[in-house]
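Working notes for the structure below.
The values are calculated or read from the model by the stated rules, or taken from the named source; none is laboratory data. All of these numbers come straight from a predicted model, not from anything done at the bench. Cβ: placed from backbone, ideal geometry, glycine included. Neighbour counts: every protein chain shown.
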Amino acid sequence: MEPLSHMNVREVEEALYKDPSPRMLSACQNDPRQGVRRLAVRLVKYQQAQAVEQARIQQLLVEEKKLWEQGFLLLAGIDEAGRGPLAGPVVAAACILPAKFDLAGLNDSKMLTESKREKLYTQIQAQAIDYAIGSAEPAEIDALNILEATKLAMKRAIEGLKVRPHYLLIDALKLPDVHLPQLALIGGDHLSATIAAASILAKVTRDRLMVELHTLYPEYTFSKNKGYGTSEHMQVLRRLGPCPLHRKSFAPVKQQASAS
């Protein structure tokens, strides 16, 4: 490579991008041109941010590492989306990540912006060893109760996997009807990378579904509220009563159904 003094700032930037080695970085830091030194500062900040992010991801793999060391190599993270809404299904996802993955920003879906969730959703699908979605419909929620319907959705997600996992990491719940070793982690979606990945798959899948269901019952603006009991949603519910997508066993819906 030619000396930095023979390059303009743009050429230095391209060279630094191709070779961000300590030697190259030091050369930029000691370059007399302010623009080149700024490139070095920017690279240092980027590398520091990358190190922090890698440390955070490693912290999310504490439970996974314990299980890998015990010989459980295929770990499925299980999480759900939609336990609280007044309408729509509860959706669960099961996700098996490889030991090495590149999912910068991976976190509990509730901690992410919609655009970040969408981006990670695509990346998780591309990198996962396997993943599957399961759901329970409003009628099943009413018949079983939301807890049992959530477990049913999780079981369906696990049954949808083509690759049989060795062990399950589940957000908060145990699934006695699923005969696989499992660990229920309270707050697992921000303690475990595999559960976090499942939480993103479940959340994005359900949000997209609620946007589709909006076309059937546009008065309730499900594309906006995703079935949650926002003030706007409650106003429409009081005015029109529940639609077939509403969970009739949930108190706010039950009250409006009996009033209408």
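The table below gives the values:
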| quantity | calculated |
| --- | --- |
| Contacts under 7 angstrom Cβ, first residue in region 101-128 being of a type in the set (A, V, I, L, M), partner exposed (fewer than 15 other Cβ atoms within 10 Å of the Cβ), 6 or more apart | ALA104/GLU53 |
| Residue within region 136-148 that is polar (S, T, N, Q) and in contact with a strand residue (DSSP E or B) (Cβ under 7 Å, 6 or more places away or on another chain) present | no |
| Options SER5, SER21, SER109; residue that is under 30 Å from LYS224 (Cβ atoms), out of contact with any Gly (no Cβ under 7 Å at 6 or more places or on another chain), polar (S, T, N, Q) and modelled with pLDDT under 95 | SER109 |
| In region 79-116, the residues that are among the small types (Gly, Ala, Ser), surrounded by 20 or more Cβ atoms within 10 Å (Cβ to Cβ) and part of a loop (DSSP other than H, G, I, E, B) | GLY82, GLY88 |
| Hey, ALA76 at pLDDT below 90 and either surrounded by 11 or more Cβ atoms within 10 Å (Cβ to Cβ) or part of a helix (DSSP H, G or I) (or both) or not | no |
| Residue in region 167-179 that is assigned to a helix (DSSP H, G or I), touching a residue at least 12 places away in the same chain (Cβ under 8 Å) and surrounded by 16 or more Cβ atoms within 10 Å (Cβ to Cβ) present | no |
| Test: LEU147 is part of a strand (DSSP E or B) and over 18 Å from the mean Cα position of the chain (by Cα) | no |
| Residue selected from region 118-144 under the condition in a loop (DSSP other than H, G, I, E, B) and of a type outside the set (Val, Ile, Thr), by the criterion farthest from ASP189 (Cα to Cα) | GLU137 |
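Yes/no matrix, rows are residues, columns are (1) buried (at least 20 other Cβ atoms within 10 Å of the Cβ); (2) free of Cβ contacts under 8 Å to residues at least 24 places away in the same chain; (3) within 25 Å of the chain's Cα centre (by Cα):
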position	(1), (2), (3)
GLY188	yes, no, yes
ALA193	yes, no, yes
ALA196	yes, no, yes
LYS203	yes, no, yes
THR230	no, yes, yes
VAL236	no, yes, no
